[in-house]
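Here is the structure we will look at.
Throughout, read-outs are computed from the coordinates displayed, never taken from laboratory work. Because the structure is predicted, anything quoted here is derived from the model rather than measured. Note that we place each Cβ from the backbone using ideal geometry, even for glycine, and neighbour counts take in every protein chain shown.
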Amino acid sequence: MPNDRLLRVNELLLRELGNVFTRVVSPAVPVLVTVTGVKTAIDLRDATVFVSIYGKAMPKQEVMTLLEKKRALIQSELAKKVILKYTPRLHFKLDETAENADRVMHILNELNLDEEQGDGKDTSK
């Protein structure tokens, strides 16, 4: 369980990375890329940045490759806004939680529709 300081650092990095992505990443890609979470190592030297990618204009793996290429620029922009002893080295990881939740909701809605249609037709009992 991370301590309070680490939680505050994660929240700070999440907020500032969102701003950096708006300036640096968004103009470079035709899809929406959002930061969904940050998990910083206890020593603050590394941080895993969870990102969601919305849109089909560009394959997700290409977006992840672009993020890796722009990692140094993103880190330097982050260092200008967040003053820490160390600016963490960023590691990007695709977060498909929202996409999976949408898929589950779609399936549940389809099941609900089928059930409602079945209720009106089944009068043999």
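Identify, please: which residue in region 11-27 is over 15 Å from the mean Cα position of the chain (by Cα) and loosely packed, with under 13 Cβ neighbours inside 10 Å and is, among those, farthest from Glu99 (Cα to Cα)?
Looking at residues that are over 15 Å from the mean Cα position of the chain (by Cα) and loosely packed, with under 13 Cβ neighbours inside 10 Å, I get Arg23.
Any residue that is under 12 Å from the mean Cα position of the chain (by Cα) and surrounded by 11 or more Cβ atoms within 10 Å (Cβ to Cβ) - is there at least one of those in region 66-81?
Initial filter on region 66-81 (under 12 Å from the mean Cα position of the chain (by Cα)): none.
Within region 66-81, none of the residues are under 12 Å from the mean Cα position of the chain (by Cα) and surrounded by 11 or more Cβ atoms within 10 Å (Cβ to Cβ).
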So, in region 52-78, how many residues would count as being part of a strand (DSSP E or B) and among the polar types (S, T, N, Q)?
1
